[in-house]
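To start, the structure under review is shown below, and the notes come after it.
The values are calculated or read from the model by the stated rules, or taken from the named source; none is laboratory data. This one's a predicted model, so the numbers in the text were calculated from it and none came from an experiment. Positions of Cβ are backbone-derived with ideal geometry, glycine not excepted, and every protein chain shown enters the neighbour counts. Keep in mind that these areas ignore ligands, DNA and RNA; they rest on the heavy atoms of the full protein, side chains included. Shrake-Rupley method; radii C 1.70, N 1.55, O 1.52, S 1.80 Å.
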Amino acid sequence: MSTKGRKIAGGGQEMAAHYAFSPLEDDAIIKHRLLTRTTTTRGEPPLKKLHKKFMAFSLEIEKDADNVSDCERFYKSFLQEITTFELPLLKSKAVVDANLREKESFNELQEETQRQILQAQVDIEGLKKQLEESKIDRQHKEECEAIRKLIALQPPRSATQKLISDLEKEIASLEAEHAACVRTLDLRKKQFSLLLHVVEELQNTIEDEQKSSAEELRAAMEEQKISIEEGSGGGSEAMAVD
């Protein structure tokens, strides 16, 4: 484990903390201590004790003296130390295996969570589309309802059909009346044209008669004038003869 520097307060000020090892060195030290089963708070490191037991057993075997009992004693002590050293290793291996299984389970859980997230996103998009379609359907239903209300306010089909029939009859009657008026108007136009023609002929006749009367009157006046002149001439001659 890393050794952290203590914070020292003095004079109302607090000094910044410092570390004895960098994070990379700290990880390496922790890994070495886990492998060698050495700590700073316990006694002699287990690996060193195991090495001592093994060396003592080896040196005892190499002796030429009759020391079978001592060799067995050192052998049992060595085996006991191996067992003592092996148990933490087995425990650490079990912890490592459990951590690996937990890591695999976490990875599977993470993949499953990611898959669920993707599926949720797909479901959200689908629900958005359904919501838009629902809004459109609702709008169509509201429009249909408004149209239905307007239709309900209108009179029944039979009354409308009767009104249409009455209007068609009235239109037919008006068309017939219009045709009769057109024929009457054409007849009146023809009669008026004939009347104008007769009036024009009568006016021409009157003008001709007036011209004839004026000429006759002029001729009569001329004859009377001549007669007067002739009478005046005869009286003068008679006065002269006398």
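Things worth noting here:
- Taken residue by residue, segment 162-177 has at least one member that is open to solvent by 100 Å² or more (accessible area, probe 1.4 Å) and either touching an Asp or Glu at 6+ places or on another chain (Cβ under 8 Å) or of a type in the set (Lys, Arg) (or both).
- Any hit, segment 146-159, residues being among the hydroxyl-bearing types (Ser, Thr, Tyr) and surrounded by 10 or more Cβ atoms within 10 Å (Cβ to Cβ): no
- Unique match (being within 27 Å of Lys31 (Cα to Cα), over 41 Å from the mean Cα position of the chain (by Cα), open to solvent by 100 Å² or more (accessible area, probe 1.4 Å) and acidic (Asp, Glu)) among Glu81, Glu62, Glu86, Glu104: Glu104
- Any pair with Cβ under 6 angstrom, 6 or more apart, that starts in segment 60-80 at a residue that is within 21 Å of Lys48 (Cα to Cα) and ends at one that is β-branched (Val, Ile, Thr) and assigned to a helix (DSSP H, G or I): Cys71/Ile61
- Pairing each residue of segment 149-160 that is hydroxyl-bearing (Ser, Thr, Tyr) with any residue that is modelled with pLDDT under 85, provided the two are 6+ apart or on different chains, yields C-beta distances under 9 Å for Thr160/Gln154.
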